[in-house]
1. Within the stretch 153-196, restricting attention to residues that are of a type in the set (Asp, Glu) and farther than 26 Å from ARG49 by Cα, which residue is modelled with the highest pLDDT?
2. Any chance you could count how many residues in the stretch 11-21 are crowded, with 18+ Cβ neighbours inside 10 Å and outside any loop (DSSP other than H, G, I, E, B)?
3. Since ALA150 meets every condition but one in (1) modelled with pLDDT under 80; (2) of a type in the set (Gly, Ala, Ser); (3) closer than 18 Å to LEU54 by Cα, which condition does it not meet?
4. Select from the stretch 26-37 the residues that are surrounded by fewer than 22 Cβ atoms within 10 Å (Cβ to Cβ) and either among the acidic types (Asp, Glu) or touching a helix residue (DSSP H, G or I) at 6+ places or on another chain (Cβ under 6 Å) (or both) and write down the one among them that is farthest from ALA60 (Cα to Cα).
5. Look through the stretch 39-96, keep the residues that are farther than 16 Å from GLN166 by Cβ, part of a helix (DSSP H, G or I) and of a type in the set (Val, Ile, Thr), and return whichever of them is nearest to the chain's Cα centre (by Cα).
6. Select, from LEU100, LEU109, the only residue that is surrounded by fewer than 12 Cβ atoms within 10 Å (Cβ to Cβ), among the hydrophobic types (A, V, I, L, M, F, W, C) and modelled with pLDDT under 95.
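The values are calculated or read from the model by the stated rules, or taken from the named source; none is laboratory data. Given the structure is predicted, the values throughout are model-derived calculations rather than measurements. We place every Cβ from the backbone using ideal geometry, glycine too, and count neighbours over all the protein chains shown.
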Amino acid sequence: MKKRMVGSWQIDNLSMPLQFFLFAEAYLDSAERLCRILKRSTRKLSYQRGVVVLFLTFHAVELFLKATILQRSPKEKLHHNIERLERRYRILYPEKQFQLNVPFKTEFLGFRPDEIAEKRLILPQYQLNRYPCDKRGKDWRGIFAFEPAAFLPVIEQLQRDFRQLQSSIFEANHGLQRHAVGSRCSLGVSAMKDHI
C-alpha cells in the first residue's frame, strides 16, 4: 500500500479563520462517518461511541462559530461557551442569509436565573461529552442518551449549513475554489498544491 503523508503545511498559508473552518468541517465529517457506522451496526453501537459523535459535532460547531467570528472580528477573544459564541455570531452576521440553527441548546425549565447559572456550572456543555465525570471525579448529574438515526439528520443539516455559509463568508473574501473529492468537497486555494 502506498503511504501518503499529510501535514500542517497544507493549510499554513491560509488565514486563521479559514483554518478554523477546515477543522470544523473535518470534525463534522468524522462525526457523520461514525454516526453512520453506529446507525447500521448494533454491535458497534454504544453510549461511549455515541458521546464521541456528540463531542465531534459539538466541537465542529464551536470551531465553525469561532471561524466566522474571527473572519469579521480578528481580535475577538474566544472561549468554549457555544451559546455565547452563537450570540456573538448573530450580532456579527444578522443578515437572513447567515441564519444558522445551532444544536446543543441547554434549557432549564422552571428554574430562576440564579439557579440556572448554578446548573450551568454543574453541567458545562464543553466538558459534558469529553469526559465521563466532572473535575472532582463525580458522575454528571442527569440521564444522557444517544440515538444515531435521530442525530444523523442534525449532522447532515449542519453539513449543508456549513457549505452554504462557507461560500458566503469565506470564498468571497479569500478567492477560494472548490475542488471535488469523490462525492465530497474540500477547500483549496488556487495557489496551493499537493506537496506529497
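1. GLU171
2. Of the residues in the stretch 11-21, 4 are crowded, with 18+ Cβ neighbours inside 10 Å and outside any loop (DSSP other than H, G, I, E, B).
3. Only one criterion in (1) modelled with pLDDT under 80; (2) of a type in the set (Gly, Ala, Ser); (3) closer than 18 Å to LEU54 by Cα is unmet by ALA150, namely (1).
4. LEU34
5. Within the stretch 39-96, the match that is nearest to the chain's Cα centre (by Cα) is THR57.
6. Among LEU100, LEU109, only LEU109 is surrounded by fewer than 12 Cβ atoms within 10 Å (Cβ to Cβ), among the hydrophobic types (A, V, I, L, M, F, W, C) and modelled with pLDDT under 95.
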